[in-house]
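Take a look at the structure below.
What follows is calculated from the coordinates using simple rules that are stated; it is not laboratory data. Remember, predicted model here, so these are calculated numbers, not experimental data. Counting neighbours? That spans all protein chains shown, and the Cβs are built from the backbone with ideal geometry, glycine included.
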Amino acid sequence: MCGIVGYIGSEQAASILLDSLSKLEYRGYDSAGIAVRNSTEDVQVVKAKGRLNILAEKTDGGNAVKGTIGIGHTCWATHGEPYENNAHFHIADDRNVVGVQNDIIENYQELKEKLTRHSYSFYSQTDTEVAVKLVDYYYNKHNGDICLKFMNTL
Ligand code: GLU
């Protein structure tokens with residue numbers, strides 16, 4: 001079990017995300033991460049293996065990460081060891097797509113092989129990185145309009 005929280009508003013998102021994630025700690029997790037951005041800056045991703053207080057320390061309670069839009073995630077790793085590289089968030093190389101998920105993608109190996117043939121490389125063992133890069137593939141293929149023919153074959 002794990003958890004996902006999101007915030008968009010006028011407050012700084014990071015401390016709200018950390019506080020919200022603390023309410024989901026009872027569900028169990030082995031790493032945690034936040035991704036925060038504002039309308040002009042690149043997204044910032046911070047993640048840490050272990051307890052949420054390690055992520056809080058790493059971000060000075062969220063103060064070190066600026067932005068009013070964000071998502072937080074506590075992860076229970078199902079693919080790969082629970083270390084920082086496998087922790088969510090996962091991000092595409094061009095930083096256009098950043099994502100988390102709570103589940104298992106059964107056909108991730110097949111998708112990974114197809115994406116590899118399209119020159120994608122992978123830094124983690126997770127199924128989630130594959131999902132993020134699959135979205136990135138379609139995002140680029142359709143010039144940012146991923147609603148358009150999203151489920152086309154690779
Ligand atoms: N399959 C996901 C992973 O290992 C599970 C993440 C989760 O449910 O927390 O990245």
Which numbered condition V135 fails, given (1) crowded, with 19+ Cβ neighbours inside 10 Å; (2) not in a loop (DSSP other than H, G, I, E, B): (1)
Residue within the stretch 36-54 that is assigned to a loop (DSSP other than H, G, I, E, B) and either under 20 Å from G80 (Cβ atoms) or of a type in the set (K, R) (or both) present: yes
Residue list for the stretch 98-129, restricted to those being touching a Phe, Trp or Tyr at 6+ places or on another chain (Cβ under 6 Å) and in a loop (DSSP other than H, G, I, E, B): V100
Residues located in the stretch 87-117, provided they are within 11 Å of the ligand (Cβ to nearest atom), without any contact (Cβ under 8 Å) to a residue 60 or more places away in the chain and either within 21 Å of T40 (Cα to Cα) or over 10 Å from the mean Cα position of the chain (by Cα) (or both): F89, H90, G99, D103, I104, I105, E106, Y108
G72 vs. criteria within 16 Å of the chain's Cα centre (by Cα) and small (G, A, S): yes
Residues (crowded, with 21+ Cβ neighbours inside 10 Å and either more than 22 Å from T78 (Cβ to Cβ) or away from the ligand (no atom under 16 Å from the Cβ) (or both)) located in the stretch 17-55: L17, L18, V36
Complete set of residues in the stretch 56-96 that are surrounded by 18 or more Cβ atoms within 10 Å (Cβ to Cβ) and in a helix (DSSP H, G or I): A56, G62, N86
Every residue from the stretch 21-35 that is within 16 Å of D60 (Cα to Cα) and assigned to a helix (DSSP H, G or I): L21, S22
